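The values are calculated or read from the model by the stated rules, or taken from the named source; none is laboratory data. Every value quoted in this text rests on a predicted model; they were computed, and no experiment measured them. When we count neighbours, we look across all protein chains shown, and the Cβ atoms used for this are built from the backbone with ideal geometry, even at glycine.
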Amino acid sequence: MVKIKAAIAEDDFRVADLHEKFLNRFEELEVVGKALNAKQTIEILEQKKPDLLLLDIYMPDQLGSDLLPVIRQQYKHVDIIMITAATDKEILEKALHYGVEYFLVKPVKIEHFQQIIGEYLNKYQLMQSKQEIDQDFVDRIFKRTSSPITFNKESTLPKGVDDITLSKVRSVLENSTIGLSAEQVSGQIGASRTTARRYLEYLISVQECRAEVIYGVVGRPERRYYKV
């Protein structure tokens, strides 16, 4: 597996360490550097060439938002997720202008953080999956759908399965080009692994999902789920 290289720009080393521990939970990611200020951020971008940058705004030598023009001019390949306590609307507008993937306002709930990283990984994998595009592919990238999922209000879901969570699980499977484990799905919907597995098995029962057992080099086999 080719790792997605991630870097963290955060002036509080304790927060940076927490972000690193969290990112390390995703097997697709590898943290290649942590910066405590803007100068170190540019050095890491130059030396490590990360694919993803978690960027704080309030740093001691320069605002992270002021780095955006430089990053977009010199390091066009890097994706940016801003994590900041800043609530100034102008900063958000600047982030949107320079193509920031997501903008998270501190304090960030771990479930939300996990969901955003999961969505980013899905989008990254989707972009790597083909060279030519069609409208369906574009709609998935921009989270648009020409035929929104609808539910039969007269249908009765089994006990322990609700419409909202079921919709989330369907969306996660729809946006993934590869099979997902129950643990990966749970991370993206912000629920426990047991809950995710219950919904996935329900989708199998209604023939909206299929499962395969993947045998790795070490460890027990892993059950992966695919959208039908």
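Summary table
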read-out: Matching helices (runs of 4 or more DSSP H) fully within region 39-153 where at least 2 residues are at pLDDT below 95 and outside the structural domain of Asp17 (by TED's automatic domain parsing); value: 110-128, 135-141
read-out: Residue that is surrounded by the most Cβ atoms within 10 Å (Cβ to Cβ), among those in region 48-65 that are over 24 Å from the mean Cα position of the chain (by Cα) and over 26 Å from Lys109 (Cβ atoms); value: Gln62
read-out: Positions within region 1-22 being part of a helix (DSSP H, G or I) and aliphatic (A, V, I, L, M), in sequence order; value: Val15, Ala16, Leu18
read-out: Test for Arg25: is it assigned to a helix (DSSP H, G or I), charged (D, E, K, R) and outside the structural domain of Phe142 (by TED's automatic domain parsing); value: no
read-out: First in region 106-117 and of a type in the set (D, E, K, R), second anywhere and modelled with pLDDT of 85 or more, Cβ under 7 Å, 6 or more apart; value: Lys106/Ile83; Lys106/Thr84; Lys106/Ala85; Glu111/Gly190
